[in-house]
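Notes to accompany the following structure.
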Amino acid sequence: MTAPTLVIDRTLTQADFDLFARLSGDDNPIHVDPGFSARTRFGRTVAHGLLLCTILRGLAGRLLPGAVLLGQDIRFPAPTYAGEPMRFSATLTGQQIAVTVTRLADGVVTCDGTFEMATTC
């Protein structure tokens, strides 16, 4: 039996990064300043980790409607850049949801981990 999985493909934009920065208050220049970011090891702006987690949490909520997030174990092995098509995936495994973000162009995983969920408060 295959575990329930939801997948969406999405290309984040600099406007998405800028809006998330305004909403969250996280205006670190690595996310919002192309001039600054060009001088870093990344060479350009990168997505906020919590922006990726927020999109993944949306998928998790569709897998377990009404469930609450108890905890998460997430890592960011590679950057997610604006303008690159990405695949966001969430797979239900009991009370945990395995999540990944993968760059479609080269298959590099930029975010992965698990969400621990509870279906009752």
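The values are calculated or read from the model by the stated rules, or taken from the named source; none is laboratory data. Fair warning: this is a prediction, and the values are worked out from it, not measured in the lab. Cβ atoms come from the backbone with ideal geometry, glycine included; neighbour counts cover every protein chain shown.
The figures follow:
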{"item": "Listing of strands (runs of 3 or more DSSP E) fully contained in segment 12-108 that carry 1 or more residues being touching a residue at least 24 places away in the same chain (Cβ under 8 Å), out of contact with any Gly (no Cβ under 7 Å at 6 or more places or on another chain) and farther than 25 Å from THR119 by Cβ", "result": "85-93, 96-103"}
{"item": "Residues of segment 32-51 satisfying the condition of being in contact with a helix residue (DSSP H, G or I) (Cβ under 9 Å, 6 or more places away or on another chain), over 21 Å from LEU104 (Cβ atoms) and not polar (S, T, N, Q)", "result": "VAL32, PRO34, GLY35, PHE36, LEU50"}
{"item": "Within segment 76-119, tally of residues that are surrounded by 19 or more Cβ atoms within 10 Å (Cβ to Cβ) and among the β-branched types (Val, Ile, Thr)", "result": "7"}
{"item": "Criterion: at pLDDT below 95 and either of a type outside the set (Asp, Glu) or under 15 Å from the mean Cα position of the chain (by Cα) (or both) - qualifying residue of ALA82, ALA78, ALA118", "result": "ALA118"}
{"item": "In segment 1-44, the residues that are of a type in the set (Val, Ile, Thr) and over 15 Å from the mean Cα position of the chain (by Cα)", "result": "THR2, THR5, ILE30, VAL32, THR40"}
